[in-house]
Amino acid sequence: MLRKRIERQVLSISGLALGGIDFEKPAGDPGLFGPDSITWRIHGDFSSMLCGGVSALLLQMLHPLALAGVWDHSSFREDMLGRLRRTSQFISATTFAPVNDANALIEKVKSIHLRVTGTDAYGTPYAASDPDLLVWVHVAEAYSFLQSHLRYRNPSLSLSDQNRYYQEFARVAESLGAVNVPASVAAVEDYLQAMRSQLRCDERTREVVRLLQNAPAPSRLAKPVGSLMISAGIELLPDWAAAQLGISFSAPKRRRIRFATRRIAAVLRWAVRNGSWHRAMRRMGRLN
């Protein structure tokens, strides 16, 4: 009973809560990556992906054009849980859904991007379909997901598998219109360093941080766990990004966050048996 209660809470904030995609049919459909991919392995762990998603959002929002697009065209300030679910659905569907569903969602997002245009707070025009902006959004996500996996799931993941993850996952960004996507650990590190001069933190960026820190939970039961995961995601940021956002953690607090997150992650892994990964593995005949 406890396991099912926990699982219901977890799935209520995931993309599965939106429905519309059957991850268990048709049998044998490998999706865009397949069950033996490193992408399935990394994206299949809800706990580390949630922490990585928080970190990715804050990293993305340091780019003034990415921030402007979200600020002007998203309801995240009024519906943080809704944004979390929609982002989760896109990641889980493009990873685990059957090929037709994954491609249909990519085409849907591409059409939405064409309508997301405007001018940022500094007078620079932006478009969500801009290939360079798509690269930034993708790299911030991929980097954050991988860093979270290394911290909270498998710190021994080999360099070759880390490189393979960047190579595989770049496929989604390229399908959306990104070009010259960094596809190795070294290339991503170089890219992030090269982008730092374009990044800014202003009042709107700080508002995103405040909104995340006070994000609602689906229930009172989930509130402390959600708050911990958000703290873990913020603590996951690279030092230079945290400093730019004005965020700092003492060494004892970092240790407390990491210790508690590892314990909670173990409980969530025990409880969740019907996530996107589980359903996709059943579709492939790899799980009962």
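The values are calculated or read from the model by the stated rules, or taken from the named source; none is laboratory data. From a predicted model like this one, the values you see are computed outputs, not experimental measurements. A quick note on method: Cβ atoms are made from the backbone with ideal geometry, for glycine too, and the neighbour counts reach across all protein chains shown. Each accessible area value is taken on the protein alone, full model and side chains, heavy atoms only, with ligands, DNA and RNA left out. Shrake-Rupley method; radii C 1.70, N 1.55, O 1.52, S 1.80 Å.
Calculated accessible area for the chain comes out at 46 Å² per residue, all protein chains present (probe 1.4 Å; ligands, DNA, RNA ignored). Under the membrane-span-like helix rule (DSSP H runs whose alpha carbons stretch at least 24 Å along the helix axis, mean Kyte-Doolittle hydropathy -1.0 or higher), the chain yields 99-115, 131-152, 159-176, 251-271. SER248 sits with roughly 100 Å² accessible to a 1.4 Å probe, with DNA, RNA and ligands left out of the calculation.
Calculated mean residue ellipticity, 222 nm, the chain: -20500 deg cm²/dmol, from DSSP H runs (n ≥ 4) at -39500 (n - 2.57) each, averaged per residue and rounded to 500. Farthest towards the positive end of the charge dipole of the chain, among the residues GLY69, MET80, ALA170, is the Cα of MET80, using unit charges on the Cβ of Lys, Arg, Asp and Glu.
Taking Cβ atoms as reference points and 14 Å as the exclusive limit, the residues near ARG77 contribute a net charge of -1, counting Lys and Arg as +1 and Asp and Glu as -1. Assuming a ≥ b ≥ c are the square roots of the Cα gyration tensor eigenvalues, decide whether the range 189-288 counts as rounded (a/c under 1.5), prolate (otherwise, with a/b larger than b/c) or oblate. Judged from the Cα gyration tensor, the range 189-288 comes out prolate (a/c at least 1.5, a/b above b/c). Residues GLU207, GLU174, GLU189, GLU7, ordered by accessible area of protein heavy atoms at a 1.4 angstrom probe radius and largest first, appear as GLU174, GLU189, GLU207, GLU7. With the charge dipole of the chain set up from +1 on Lys and Arg Cβ and -1 on Asp and Glu Cβ about the Cα centre, the Cα lying farthest toward the positive end among the listed residues MET281, LEU228, HIS149 is that of LEU228. Taking a Cβ cut-off of under 15 Å around LEU57, the surrounding Lys, Arg, Asp and Glu residues balance to a net charge of +3, with basic ones at +1 and acidic ones at -1. The mean sequence distance of close C-alpha pairs (under 8 Å, at least 6 residues apart), as a share of the length of the chain, puts its relative contact order at 33 percent. Rolling a 1.4 Å probe over the protein heavy atoms leaves TYR122 with an accessible area of roughly 110 Å². Under a Gaussian network description of the chain, with springs only between Cα atoms under 10 Å, the residue in ALA102, ALA17, ALA128 that fluctuates furthest is ALA17.
Could you please tell me the mean projected area of the C-alpha convex hull for the range 113-215, averaged over all directions and given in square nanometres to one decimal? Here the figure is 7.9 nm², rounded to one decimal. Partner aspartates and glutamates whose Cα lies under 18 Å from the Cα of LYS108, excluding those fewer than 8 positions away in the same chain, are identified as ASP22, ASP130, GLU174.
Spherically averaged projected area of the convex hull of Cα atoms, the range 1-147: 9.7 nm². Between ALA68, ALA271, ALA251, the Gaussian network model of the chain with springs among Cα atoms under 10 angstrom shows the greatest mean-square fluctuation at ALA251. Each of THR119, ILE106, PHE90 was scored by the projection of its Cα onto the charge dipole of the range 1-136, and the greatest displacement toward the positive side belongs to PHE90; charges sit on the C-beta of Lys, Arg, Asp and Glu. Loop-resident trypsin sites (Lys or Arg not before Pro) (DSSP state other than H, G, I, E or B) in the range 51-138 with no more than 11 further Cβ atoms inside 10 Å of their Cβ are absent. Note on exposure: THR87, THR95, THR119 ranked by accessible area (1.4 Å probe, complete protein assembly) read THR119, THR87, THR95, with the most exposed listed first. Using the Cβ-Cβ distance between SER158 and ALA27 with R0 set to 25 Å, the FRET efficiency from 1/(1 + (r/R0)^6) comes to roughly 0.20.
Only the Cβ atoms of Lys and Arg (+1) and of Asp and Glu (-1) were treated as charged; on that basis the dipole of the chain about its Cα centre amounts to roughly 1620 debye.
A Cβ-based charge dipole, computed about the Cα centre of the range 104-224 with Lys and Arg at +1 and Asp and Glu at -1, lands at about 580 debye.
Of the residues THR124, THR205, THR261, the one that moves most in a GNM of the chain with alpha-carbon contacts below 10 Å is THR124. Here log10 I(q)/I(0) by the Debye sum over Cα atoms at q = 0.12, 0.16 Å⁻¹ was computed from the coordinates, and among (i) -0.97, -1.25; (ii) -0.75, -1.45; (iii) -0.67, -1.26 the match is (ii). Going 7 Å from the Cα of LYS108 along its beta-carbon direction, which residues of the range 119-156 have the amide nitrogen within less than 19 Å of the resulting point? In the range 119-156, the label zone of LYS108 (backbone N under 19 Å from the point 7 Å along Cα→Cβ) covers 129.
Partner aspartates and glutamates whose Cα lies under 15 Å from the Cα of LYS223, excluding those fewer than 8 positions away in the same chain, are identified as GLU7. Close amide-amide hydrogen proximity is noted between TYR126 and GLY118, THR119, ASP120, each under 5 Å apart and 5 or more residues distant or on a separate chain (H modeled in the peptide plane; Pro and chain starts excluded). Here the chain exposes an accessible surface that is 52 percent carbon and sulfur, computed with a 1.4 Å probe and the other protein chains kept in place. If you take the beta carbon distance between SER74 and TYR122 as r and set R0 to 25 Å, what does 1/(1 + (r/R0)^6) give as a FRET efficiency, to the nearest 0.05? Approximately 0.85, to the nearest 0.05.
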